[in-house]
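Comments concern the structure below.
The values are calculated or read from the model by the stated rules, or taken from the named source; none is laboratory data. If you're wondering where the values come from, they're calculated on a predicted model, not measured in any experiment. Here the Cβ positions follow ideal geometry from the backbone for every residue, glycine too, while neighbour counts run over all protein chains shown.
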Amino acid sequence: MTVGEWDRARRIVRELAPDLEPYLEEKYQDAMANEGEIERLAEMDGNAALEVMARKGQWSQLFDVASSQSPEVLHKFVARRAAQLLKNDAAPQALQLYAQYGAPAISQNFNLYLQLAESILNAAQQDYRYNIL
């Protein structure tokens with residue numbers, strides 16, 4: 001759809017089915033992301049552009065953009081990526097994220113930090129056991 005068609009769809013939805021506006025906006029954002037127009041999406045809604053990048057796995061681009069916005073936004077996505085890495089048994093990569101971007105004292109992240117520390121220390125202990133044998 002072209003920009004004019006989206007505007008027309010918004011107008012129709014606003015008049016006839018206002019409860020569908022969030023759905024239409026989500027689809028519009030998805031369409032812009034699929035067409036590679038993340039810059040235009042970022043102009044409209046910076047957080048939506050970051051969410052699209054996260055869904056697509058474009059983490060380095062996401063961290064570049066988020067670091068120019070605010071520390072809160074950046075660390076929200078660093079924590080999300082670190083949690084994803086921990087679930088995939090990639091604790092060293094999660095630790096590298098925090099080494100690069102910092103680990104601020106955000107209470108919502110304390111359990112994540114604990115899980116990361118336990119994973120790293122347990123992995124180091126396993127490596128040590130193998131080296132002894």
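When the stretch 1-36 is filtered for residues that are modelled with pLDDT under 75 and over 13 Å from residue 49 (Cα atoms), the ones remaining, listed by number, are 1, 2, 3, 4. The listed residues are 73, 52, and the only one of them that is modelled with pLDDT of 85 or more, of a type outside the set (Asp, Glu), farther than 25 Å from residue 123 by Cβ and in a helix (DSSP H, G or I) turns out to be 73. Among the residues of the stretch 13-25, those that are surrounded by fewer than 12 Cβ atoms within 10 Å (Cβ to Cβ) and more than 20 Å from residue 37 (Cα to Cα) comprise 15, 16, 17, 18, 19.
Which is under 30 Å from residue 122 (Cα atoms), loosely packed, with under 14 Cβ neighbours inside 10 Å, modelled with pLDDT of 85 or more and within 15 Å of the chain's Cα centre (by Cα), of 60, 107?
Going through 60, 107 in turn, the sole match is 60.
Restricting to the stretch 83-102, name every residue that is assigned to a helix (DSSP H, G or I) and either polar (S, T, N, Q) or touching a strand residue (DSSP E or B) at 6+ places or on another chain (Cβ under 6 Å) (or both). Correct list: 84, 93, 96, 100.
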